[in-house]
Amino acid sequence: MEKQWFKKYGNAVSGKKGRWIVLITWLILAAVLNTTLPQANSQKNEMAKNLESTTPSQQAKIVAEKEFPTSSGTPALLTWYKSTGISEGDLSRIQKYSKELDKNPVDSQDSIVPFYQFPLPVLKQQLSEDGTTLILPITFKKDADKDQIADGILTFKEKAVSIFPENPNKAKMGDKDQLLLRITGPAGVSTDATALFSQGDLSLLFGTVAIVLVLLLLIYRSPILALIPLLGVGIAYGVISPILGGIAKAGWIEMDSQALSIMTVLLFGAGTDYCLFLISRFRSNLLEENNKLTAMKLSLKGASGAIAMSGLTVVFSLLVLLLSEYGAIHRFAIPFSLSILIMMAASLTLIPALLSIIGRASFYPFMPLTRSMQEERAKKKGKTLPPQNNKEGFGARLGKLIVKKPIELMVITLLFLGIFAFFSSKIVYTYDTLSSFPKDMPSREGFKIISEHFNPGELAPVQVIVQTDGKPNAVKEDLEKLTFVEIVSEGEQGVKNSNIISYNVEMNVNPYSNKAMSHIPDLRQTVENSLKNAGIVKTSDHVWIGGLTAEQYDTKQTTNHDSSIIIPIVISIIAVLLLVYLRSITSTAYLIGTVLLSYFSALGLGWVLLHYIFGVEAIQGFIPLYAFVFIVALGEDYNIFMISSIWKKSRHLPLLQAIKEGVAESGSVITSAGLILAGTFAILTTLPIQVLVHFGTITAIGVLLDTFIVRPLLVPSITVLMGKWAFWPSKRAMAAVKENSTN
């Protein structure tokens, strides 16, 4: 039954008619989808929410919108700075500038502080204590979208050029005696962030294609072969992008630049890997089979199961991200899993069709020929074919070493991985999104100026809302007693319920810092105690805390909760898939164990590189979860491909010989695949967004550890030591090992 199925499948994708039908079907599908549906990058939503409405900070926002409505929208803080002090001449020009924006506002502008109406002595009082900094707040209309805000900020910068003798937008932070303008606040940060992500789209795509092409050329030295995986991935991308664009336009999913950037890398990296798994088998079979179609059918029989298993492992692991409550992680699930699913389908249909059409010429100029074909070619040229070279390659020598010294190799690799895994406990995490942007980004520079010359908490105060039930209380006084609080505003009554009071609390630390975030529970506890002392019961239902710091605190709580759910489920899914495929509990256990160890080692080694060498102070708190899904799922791919080779050979060879040959056979292709996958993730480090730089670094390290440590050394060493018990409880496999070992 199985042979009959593979025969039909082989004819369908690589037969004389089938291969052309497959190729034409893919091309027509891509063409139709691209003409009828929008591209994925046209449906990005950079303003997509990350926190659910049930989180405390979002509950506070709902109460605030109801009780303390405002007609204005997103604020921009125009920050003026001069290291030697802002002069009266500078102030008069700033007044002229504010008058121009007040009299001739941009379309999306709502309000501006009228500095031009302030007497000079009054305006001077608005300066920082050292006289170097002045903030001009401008608010956009509530319904202004991100494009309108970006256009408004651009206009603000352009008008400054016409009023000031030297362009304050181009002045550097280190320039002395030159007035500098930086636009920060929510409007400035979101505009800069959108511009930053949009810069990376094309450069990331071209960079990924370039790294894959260069590595394929270096590894296989064949220009045609280097283009085949790229052609397959390119056609698959032509199908994936409009499908994602269509379902995003329909409102079924949301996507942002970060998700699409990583999806591009994943598609080219993992897609090329799947292609290489098939190509390596095809090349080996072409050395034994004269007929290219027979060789392809044998290749599909040998590799399709591993490719399907690898692809499904990644697909199911990524689908688990749908359980995430944090939006940025949840938005990964559908684009990533759908991309891998379609790429897996292309690897099992489109790539075999392309290879069958091109045949041996795919490997030009080093075409694989059978011995008889080599003899015939030599005869035509009047030459004698030299004896066959039976010299052992590196893979065969490595296989011998593993069989000879499994304990030593296992101990050395475990020590190596364990040392770096220890460093994973030293990682410092941050939930400050501003810190993930370049230090020279205008809005980040503006925030730095404000935090250094004003109370840093002024930029993003915490909003504390309480339901007093009309009872006298000491909430304001108790908040002011806290050592980390600088200023507490006067209470503002709600417009619908006068018993609801709002306070703006400015902390004396950076509101984006971990330190500020850690004070959110203290604020809540203090307010609840105040209400309790006022005779109010169920105080937890009477307090809401909002603002950016509170949102960061909720982000930490949410991502930690996501990790506690997603990580065990991903491990369980991979375990079930391995059990179904390998039918062995012991091998499933140590395959998962080794990949988990490599994951923690990747985190630790990544931290050593980023922190101790490049001076990174902290990484984003959700990176470990990102990295876990990719390192564990993709790392298991390589284990599956190698272990399946050992399993198949153990049916007719002694186990030690099967391990030798399995390592030798799978070694070169997995090394090639690992280098390409790591190279594609490393492309993320060229982007200006630090969260992608850190994620790319850690994931690339994880892939390299799997490629050069776990797969070729640790897993086969453990398999040697386990012997027939590596197959337990599969009695058939254990019996085959025992029989082959006694023959």
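The values are calculated or read from the model by the stated rules, or taken from the named source; none is laboratory data. Remember, predicted model here, so these are calculated numbers, not experimental data. Methodologically, a virtual Cβ is constructed for each residue, glycine included, from the backbone with ideal geometry; neighbour enumeration extends over all protein chains shown. Ligands, DNA and RNA are stripped out before the accessible areas are found, and what is left, the full protein with its side chains, is counted by its heavy atoms. Shrake-Rupley method; radii C 1.70, N 1.55, O 1.52, S 1.80 Å.
Around the amide H of ILE487, modelled in the peptide plane, lie the amide H atoms of GLU506, all under 5 Å away and 5 or more residues distant in sequence or on another chain. Projecting the Cα positions of ILE698, VAL189, VAL466 onto the charge dipole of the chain (unit charges on Cβ atoms of Lys, Arg, Asp and Glu, taken about the Cα centre) puts ILE698 furthest along the positive direction.
The string of couplings for segment 401-413 from the Karplus curve (6.51, -1.76, 1.60, θ = phi - 60°) is 5, 5, 5, 7, 10, x, 5, 4, 5, 5, 5, 4, 5 Hz, one whole number per residue in order, with x for Gly and Pro. Each 10 Å bin from zero up to the one holding the largest Cα-Cα distance in segment 574-706 carries the following percent of pairs: 13, 37, 30, 15, 5, 0. The H on the amide N of GLY547, modeled in the peptide plane, is under 5 Å from the matching H of GLN463, each at least 5 residues off or on a different chain.
Excluding ligands, DNA and RNA, what is the solvent-accessible area per residue of the chain at a probe of 1.4 Å, expressed in Å²? Please report the intermediate quantities before stating the final value.
Working: 32420 Å² over 743 residues.
Per residue, the chain has an accessible area of 44 Å².
Would you mind counting up the charge near GLN557? Only other residues with Cβ under 13 Å from its Cβ, with Lys and Arg at +1 and Asp and Glu at -1. Show your work: numbers first, answer last.
Details: positive: ARG524, LYS556; negative: GLU52, GLU325, GLU551, ASP554, ASP562.
Neighbourhood net charge equals -3.
Which of VAL122, ILE112, SER83 sits farthest toward the positive end of the charge dipole of segment 27-184, with +1 on the Cβ of Lys and Arg and -1 on the Cβ of Asp and Glu? Of the listed residues, the answer is SER83. Compared with the dominant principal axis of the Cα atoms in the chain, helix 88-103 is inclined by about 80°.
Counting only aspartates and glutamates at least 8 places from LYS448 when in the same chain, those with an alpha carbon closer than 19 Å to its own are GLU129, ASP130, ASP175, ASP177, ASP192, ASP432, ASP440, GLU458, GLU486, GLU506, GLU617.
Ranked by the mean number of other Cβ atoms within 10 Å per residue, highest first, peptides 363-369, 318-324 order as 318-324, 363-369.
Our coupling estimate for segment 648-664, obtained by passing each phi through the Karplus curve with A = 6.51, B = -1.76, C = 1.60 and θ = phi - 60°, is 5, 6, 5, 5, 10, 10, x, 4, 4, 5, 5, 5, 4, 6, x, 5, 5 Hz, Gly and Pro reported as x.
Descending by average beta-carbon neighbour count within 10 Å, the peptides 277-288, 113-124, 91-102, 140-151 line up as 277-288, 91-102, 140-151, 113-124, the highest first.
Carbon and sulfur atoms: what percent of the 1.4 Å accessible area of the chain do they account for?
Values: 18960 of 32420 Å².
Using a 1.4 Å probe with all protein chains present, the chain comes out at 58 percent carbon and sulfur.
Volume per residue for segment 321-455 equals 308 cubic angstrom (convex hull of Cα atoms).
Cα convex hull, the chain: 205 Å³ per residue, rounded to a whole number. For segment 429-485, the Cβ-based charge dipole about the Cα centre amounts to some 60 debye (Lys, Arg positive; Asp, Glu negative; other atoms uncharged).
For segment 152-290, the Cβ-based charge dipole about the Cα centre amounts to some 200 debye (Lys, Arg positive; Asp, Glu negative; other atoms uncharged). The angle between the Cα long axis of helix 292-319 and the longest principal axis of the Cα atoms of the chain comes to about 30 degrees, rounded to the nearest 10. Normalising by residue count, segment 464-512 has a Cα convex hull of 72 Å³ per residue. Listed by chain and number, the aspartates and glutamates whose C-alpha is less than 16 Å from the C-alpha of LYS649, apart from same-chain residues fewer than 8 away, are GLU661, GLU665, GLU739.
Strictly over 31 Å apart at the Cα level, which of LYS157/LYS496; LYS146/LYS538; LYS66/LYS556 would you flag in this model? Working shown, then result.
Values: LYS157/LYS496 40 Å; LYS146/LYS538 41 Å; LYS66/LYS556 26 Å.
Cα-Cα > 31 Å for LYS157/LYS496; LYS146/LYS538; rest within.
The protection proxy used here, the mean number of other Cβ atoms lying within 10 Å of each residue, ranks peptides 370-382, 453-465, 510-522 as follows, highest first: 453-465, 510-522, 370-382.
Distance from the C-alpha centroid of segment 84-135 to that of segment 218-253: 52 Å, rounded to the whole angstrom.
Relative to the longest principal axis of the Cα atoms of the chain, the long axis of helix 257-286 lies at roughly 10 degrees. For THR430, the residues whose modelled amide H falls within less than 5 Å of its own, excluding neighbours fewer than 5 places apart on the same chain, are ILE619, GLN620, GLY621. Summing Cβ point charges (Lys, Arg +1; Asp, Glu -1) relative to the Cα centre of the chain gives a dipole of roughly 5100 debye.
By the rule of a C-alpha distance below 21 Å, with chain neighbours fewer than 8 residues away ignored, the lysines paired with LYS648 are LYS3, LYS7, LYS297, LYS301, LYS400, LYS660, LYS724, LYS731, LYS738. If a spin label sat at a point 7 angstrom from the Cα of ASP175 along the line to its beta carbon, the backbone N atoms of segment 79-102 nearer than 20 Å would be those of 79-98.
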